[in-house]
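What follows draws every value from the coordinates through simple rules; no lab data is involved. Since we're looking at a predicted model, the values are computed, not measured. Glycine gets a Cβ as well: all are built from the backbone with ideal geometry, and neighbour counts include every protein chain shown.
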């Protein structure tokens with residue numbers, strides 16, 4: 001029951017009568033197949049009736065729609081709850097990793113892929129493990145590229161001060177080689193202790 005009420009807050013579903021007819025929500029889903037709220041309500045109805053497989057299918061559809069619409073935190077919440085209910089659904093773990101990638105949370109995506117890889121290796125599913133390893137390799141390359149971009153900004157990203165602006169420099173914005181400092185640096189570099 002807690003699973004159902006969590007998503008009322010996420011989707012803004014108002015508290016109401018405990019159970020609605022599944023057919024009523026099925027009509028809503030048919031009329032608006034891209035309506036995440038309709039899929040959530042339908043899933044809740046199926047869950048109340050004890051039809052877990054149908055409920056999970058509807059929850060997955062709702063989470064997929066939310067993800068497609070850029071509502072990643074809401075989609076993640078649904079995916080994670082589905083995993084709590086049915087921890088053997090590897091496709092949900094894969095979807096969680098993909099949402100983390102879309103959110104730019106590459107480390108979380110990598111961890112999720114790692115858990116999935118461990119599951120596939122334990123099950124002896126080498127083909128699926130190989131696919132996940134490829135996804136992890138691509139993700140590693142993205143993470144390396146991002147770190148290099150942060151550590152080595154391009155010339156256009158660096159702050160460049162021209163000589164006329166050197167007089168206006170502040171403590172946090174000091175030019176690298178102001179005109180007078182260049183001459184003084186030459187003097188200091190030729191200085192040798194006695």
Next on the checklist: Would the range 79-119 count as rounded, prolate or oblate if I go by the C-alpha gyration tensor, calling it rounded below 1.5 in a/c and otherwise prolate when a/b exceeds b/c, oblate otherwise?
Outcome noted: oblate
Next on the checklist: At a threshold of 8 angstrom on Cα-Cα distance, excluding pairs fewer than six apart, so keeping six or more, what relative contact order does the range 43-132 reach in percent?
Outcome noted: 16 percent
Checklist entry - Full extension from residue 122 to residue 150: what is 0.36 nm times the residue separation minus their Cα-Cα distance, to one decimal in nm? => result 6.4 nm
Checklist entry - When N is the residue count of the range 90-152, what does its C-alpha Rg come to as a fraction of 2.2 N^0.38 Å? => result 1.17
Checklist entry - Fewest to most neighbouring Cβ within 10 Å: what's the order for 78, 96, 56? => result 56, 96, 78
Item to check | Residue exposure sequence - 147, 80 - by fewest surrounding Cβ within 10 Å | outcome: 147, 80
Checklist entry - So what is the relative contact order for the range 90-152, in percent, with contacts set as C-alpha pairs under 8 Å and at least six apart? => result 26 percent
Checklist outcome for this item: In this structure, the FRET efficiency calculated for residue 107 and residue 80 from their beta-carbon separation, with R0 = 25 Å, to the nearest 0.05, is 0.90
